[in-house]
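Structure first, then comments.
Every read-out reported here was derived from the displayed coordinates using simple, explicitly stated rules and does not represent laboratory data. Quick caveat: nothing in here was measured; it's all calculated off a predicted structure. FYI the Cβ positions are ideal-geometry reconstructions off the backbone, even for glycines, and counts take in every protein chain you see.
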Amino acid sequence: MTTVHVTEATINQARELRDELQRFLREYEFGMREVETKISILRDEFTHDHAYNPIEHVKSRLKSPDSIVEKLARKGIDEPDFDRIRADITDIAGVRVTCSFVADVYRLFDLLTAQDDVTVRTVKDYIAQPKANGYKSLHAIIEVPVFLSTGALSVPVEVQFRTIAMDFWASLEHKIYYKFSNQVPAHLVDSLSDAADAAAELDSRMERLHREAHGVPQRQLAPPPPPAPPAPPVASPPRVVGV
Ligand code: 0O2
């Protein structure tokens, strides 16, 4: 057995790197929590004021260091530092909002992205233009402010909006790709594509049924309603250091 001598300096360097990585990921975790809160407020308000809950479930995840490294390699980024990762990997924090119907997907997207403190970086509408394999979802990279003791940060969070049928399909497709290490046999690729069509047909049928039963309007194409008037000023606003 070979004995490797590690100096105190190397150990300290490794510890510093670990701490820096934890701090880096924490920023994304805070951003993710801000978005979760926004979604949860919209869900509660809908449930109480409109007697309707457009959200089936919400799932959040922080990309693991392994998965970040994999994505860096996929993008051909050599010798990355934290600034480069920040700039190039925009889905470190991810929130997936699964809605009942396609109209709800767009409605929630509109409501979230119309908020004053939300900045939309990019939108990929894979519902209007599904991927070749049949994948459907509405993706948005948004930035939300996070207030730390050291000041304010703008944190990117990827929000994926989809229906239950789209989620079911994506989850199964992901498992199949994992099982076959991305080399899926052609007949399964075709079956998945058929299943995506069937899921889309089910979405349309269920939404028609729902509308017939409840008369829920289609996506409002008009701009979202203006925000509520600002709350009266508080006597002593919270102090944010360094902003
Ligand atoms: P995980 O496990 O969700 O983290 P970009 O980020 O724009 O540089 P990317 O990653 O191709 O490039 O962006 P895109 O197309 O918006 O896809 C990002 C995420 O969408 C993926 O994240 C998946 O979660 C989901 N996704 C995209 N395409 C598919 C698909 O064909 N099938 C399934 N099941 N999911 C898909 P990650 O990082 O791949 O994985």
Gyration tensor verdict on the chain (Cα atoms; rounded if a/c is under 1.5, prolate if a/b is larger than b/c, oblate otherwise): oblate
The range 9-70 pair-distance distribution - Cα-Cα, 5 Å bins, rounded %: 4, 14, 16, 16, 13, 10, 9, 7, 5, 3, 2, 1, 0
Computed [θ] at 222 nm, deg cm²/dmol, the chain (DSSP H ≥ 4; -39,500 (n - 2.57); rounded to nearest 500): -16500 deg cm²/dmol
Relative contact order (%) - criterion: Cα under 8 Å, at least six apart; region: the range 98-218: 25
Overall form of the range 45-164 per C-alpha gyration tensor (a/c, 1.5; a/b vs b/c): oblate
Sites matching trypsin sites (Lys or Arg not before Pro) across the range 89-136 that sit in DSSP coil, with at most 13 neighbouring C-beta atoms within 10 Å: Lys131
Under 23 Å from the Cα of Lys131 - lysines, other chains or at least 8 residues apart: Lys59, Lys63, Lys71, Lys75, Lys175, Lys179
Relative contact order [Cα under 8 Å, 6+ residues apart], the range 19-164, whole percent: 28
Cα→Cβ-extended label distance, 7 Å offset, between His214 and Phe147, nm: 3.5
